[in-house]
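Q: First, the structure itself, so that you have it in front of you.
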Amino acid sequence: MLLQAVNISKSYGVTSILTQISMQVNEREKIGLVGVNGAGKSTFLQIIAGEMSYDSGDIYKAKEARIGYLAQNSGLSSNKTIYEEMREVFASLIAVEKELRDLEIAMASPELHQDAKRYEDTLNRYAARSEWFREKGGYAMEAKIRGILGGMGFGDFPPDTIINTLSGGQKTRLALAKMLLQEPDLLLLDEPTNHLDIATLTWLEDYLRGYPGAIVVVSHDRYFLDALVGTIYEIERKTSKRYTGNYSRFIEIKAAEYESQMKLYEKQQDEIARMEDFIQKNIVRASTTKRAQSRRKALEKMDRLDKPMGDLKRASFSFQIDQTTGKDVLEVNGLSFSFDGATKLFQNVDFQLNRGDTAALIGPNGIGKSTLLKILTGDLQPDTGLFRWGANVKLGYYDQEQKELNPQNTVLEELWSAYPHLEEARIRTVLGNYLFSGEDVFKKISSLSGGEKARVSLAKLMLLNANVLILDEPTNHLDLYSKEVLEASLMDYEGTLLFISHDRYFLNKMAERILEMSSSGIEPYLGNYDDYTEKKRELAEMRDNGEIPAAVSGSSTSSVDRKTTVQPSVSESSPKTSDYEADKLAKREERSRQRKIEQTEKDIARLEEEITALEEELASPDVYNDYVLVQEKNEAIVARKEGLARCYEEWETLMEG
């Protein structure tokens, strides 16, 4: 065991943040700490890192265990170069390395050879220090620095780059790189995947899976949690609970626990209702008064179960459209852009969107993805190239920076100023669905958290009823549960969707086409993120085996061939386009079928349980001695059996496809 926190509680004034929180971390254990925004996850990390005091409880740490803590959005601030800062981690190794060089110079001195004892002592010290240097990894020090800097996205940075010239996100990445070099026995990471592109995320996952120490990580990245952790601690309603498995397994176990607890609660409630009904009917009858009094005593002594709480109240997102677009939604040809008019950020950007498309735009940080979206929304002008929106397009845009929000407005004013024709009751209903109720609607935008601002922006977008949505990192700032609700609403969206995301779980669930952006253009890949990575692996293997030239990518033609290939115009179609449309429609229909199957199976299970419960009630003396009750129960059983037969029929039809 590296660390154990027992019954930790923390309050700010009269507001309780954490109550009786416990956690145990064993050697090499990888733990995910989850919970809704505001649950106290970051507070708990700060407490066990020793950065914050706590009101009660105990923390036990293994002797000499080294703990590394990386706060959310914390970055290095230094006037040193990147390489100087990284080498600081190995100060003791560097000191010994200098000592070895000095000893080598001394051993080469003729004067030392004249003193046999001094010479032998020097040789022995050199041998001992060399062995220590080797054991501590001194000879791998430089390679390790280069490897981690490269993995964290600093491979192309000059080593003499001054840290204070970097952006905030780059400083955060560098802070994580330095901590990885330090290799503490326990890593405490608060949202380490912020500011990372997909390539860096993938590298970090692989590195942390093989990390020799233990890890406790707070993250909203479900793909990251699934790939890394084997234990989940959930902080919910100020207390904690441990689950074995990754995030997906945690969701399954939690749902099963809730259903089991709800069944026990409902069964007890039915029993209580029967007892109360018997008491009410029989307490005044002389022949049954004693039995009624006995039931009353039993009822008073009963250990009543609390109603199990489902998930905390979740935001409710829903996106509707007023009218459909034409079949051809967007055509982009030859777009390029530069900030200074000289160095191109990107060029030769070509792609099309058709009605109902769900396309994800991915690529490394800084390649210009958000810039491209701002060109398409008219906020920026391209250097060269053209783009054309189709007929009946009503565009909705979500900006990850929420710049369209007025910081001086209240939440209510923000929506009402955008939709002045709506009644206050309608605005408040919408805000309630987005978890702004009561006095929350009078909060200033400037005082909101990132997640709250995101929900305000999504509420405004929902009311627009746009038939084309352009979303820039829509899952940023949302907690795990809100992300799932957003996904469900976008799955049912009938319009066209183009979005940027680094959330690979979201990409897997939503994308039907991946548009990979580089400085030289866009390459399309059919399918979701896993399909894209599999295709990239296949192509890499084929290139390594010499089966295809290096220029070939995920599209049907190489980048060389594409220059001489006539792209179909907006009004034209091709066999490839038809195949894509058919494939996309088939995938959408299959998803809809699977959702209906899942719902039908839930209805079947529910009806079977209700029938069983009613039949058990018929066997009860309280029921079979009461003709009216028997008739009511039998009618309820018949009605449910009829519903069950319909569900089975629907299930069989769905399973046949």
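The values are calculated or read from the model by the stated rules, or taken from the named source; none is laboratory data. Since this is a predicted model, take the numbers as computed values, not measurements. Note: ideal-geometry Cβ built from the backbone for every residue, glycine included; neighbour counts use all protein chains shown. Note: areas computed on protein heavy atoms with side chains; ligands, DNA, RNA excluded. Shrake-Rupley method; radii C 1.70, N 1.55, O 1.52, S 1.80 Å.
Q: Carbon and sulfur atoms: what percent of the 1.4 Å accessible area of the chain do they account for?
A: Taking all protein chains in place, the chain shows 49 percent carbon and sulfur surface.
Q: Once R0 is set to 35 Å, what does the formula 1/(1 + (r/R0)^6) return for the Cβ-Cβ distance between Lys444 and Met52, expressed as a FRET efficiency to the nearest 0.05? Intermediate values should be presented prior to the final figure.
A: Working: r = 27 Å, r/R0 = 0.77.
After rounding to 0.05, the efficiency reads 0.80.
Q: Past the 30 Å Cα-Cα mark, which pairs from Lys171/Lys394; Lys254/Lys596; Lys254/Lys509; Lys61/Lys453; Lys10/Lys483?
A: Long pairs (Cα-Cα over 30 Å): Lys171/Lys394; Lys61/Lys453.
Q: Ignoring solvent entirely, what values of log10 I(q)/I(0) come out of the Debye formula for the stretch 68-108 at 0.15, 0.22 Å⁻¹ when each Cα is a single scatterer?
A: -0.56, -0.82
Q: Continuing with the same structure: With the crude spin-label approximation of a point 7 Å out along Cα→Cβ, what separation in nm comes out for Tyr211 versus Arg28?
A: 1.6 nm
Q: Turning to a different aspect of this structure: When only the heavy atoms of the protein chains count and the probe is 1.4 Å, how do Leu305, Leu2 rank by accessible area, highest first?
A: Final ranking, largest accessible area leading: Leu305, Leu2.
Q: Another one. Ranked from the most accessible area to the least, with a 1.4 Å probe and all protein chains present, what is the order of Arg295, Arg513?
A: So the residues, ranked largest to smallest area, are Arg295, Arg513.
Q: Count the net charge of all other residues whose Cβ sits under 15 Å from the Cβ of Phe442, scoring Lys and Arg as +1 and Asp and Glu as -1.
A: Result for the local shell: -3.
Q: Here's another thing I want to ask about it. Take Val329, Val628 and sort them by solvent-accessible surface of the protein heavy atoms, 1.4 Å probe, largest at the top.
A: Result of the area sort, largest leading: Val628, Val329.
Q: So how much accessible area does Met107 have, in Å² to the nearest 10, using a 1.4 Å probe?
A: 30 Å²
Q: Evaluate E = 1/(1 + (r/R0)^6) for His421 and Ile94, where r is the Cβ-Cβ distance and R0 equals 60 Å; express this FRET efficiency to the nearest 0.05.
A: On the way: r = 69 Å, r/R0 = 1.15.
It comes out at approximately 0.30.
Q: Then there is this: Regarding the chain, what is the average projected area of its C-alpha convex hull, in nm²?
A: 44.0 nm²
Q: Might you work out the accessible area of Arg646 for me, using a 1.4 Å probe with all protein chains in place, and round it to the nearest 10 Å²?
A: About 150 Å², rounded to the nearest 10.
Q: Taking every DSSP beta bridge with both residues inside the chain, roughly what % is antiparallel (nearest 5)?
A: 50 percent
Q: For Glu601 and Asp121, calculate 0.36 nm times their separation in residues minus their Cα-Cα distance, and state this gained length in nm to one decimal.
A: 164.8 nm
Q: Also: Helix-only mean residue ellipticity at 222 nm, the chain, DSSP H runs n ≥ 4 weighted -39,500 (n - 2.57), per residue, nearest 500. What is it?
A: Numbers: 22 runs with 306 residues, N = 657.
Mean residue ellipticity, 222 nm, calculated: -15000 deg cm²/dmol.
Q: Classify the stretch 429-511 as rounded, prolate or oblate, taking a ≥ b ≥ c as the square roots of the eigenvalues of its Cα gyration tensor: rounded when a/c is under 1.5, otherwise prolate if a/b is larger than b/c and oblate if not.
A: The shape class here is prolate.
Q: Moving to a separate point now. Count neighbours as other Cβ atoms within 10 Å of each site's Cβ, and list the GluC sites (Glu not before Pro) in the stretch 450-546 that are DSSP loop with at most 12 such neighbours.
A: Counting only loop positions with at most 12 other Cβ atoms within 10 Å, the GluC sites (Glu not before Pro) in the stretch 450-546 are Glu494.
Q: Over the heavy atoms of Arg595, what accessible area does a 1.4 Å probe trace out, to the nearest 10 Å²?
A: Rounded to the nearest 10, that gives 100 Å².
Q: I need the shape label for the stretch 404-466. Rule: rounded when a/c is under 1.5, else prolate if a/b > b/c, else oblate, with a, b, c from the alpha carbon gyration tensor.
A: rounded
Q: If I model a spin label as a point 7 Å beyond the Cα along the Cα-Cβ vector, how far apart are those points for Thr343 and Tyr258 in nm?
A: 4.9 nm
Q: Antiparallel versus total DSSP beta bridges in the stretch 186-345: what percent is that, nearest 5?
A: Bridges in the stretch 186-345 are about 55 percent antiparallel.
Q: Right, something else. May I have the convex hull volume per residue, in Å³, for the Cα set of the stretch 204-284? Walk me through the numbers before you get to the answer.
A: On the way: hull volume 9.0 nm³, N = 81.
Roughly 111 Å³ of hull volume per residue.
Q: Taking N as the number of residues in the stretch 329-394, what is its Cα Rg relative to 2.2 N^0.38 Å?
A: 1.12
Q: Taking Cα atoms, how many degrees apart are the long axis of helix 529-544 and the longest axis of the chain, rounded to 10 and kept between 0 and 90?
A: 30 degrees
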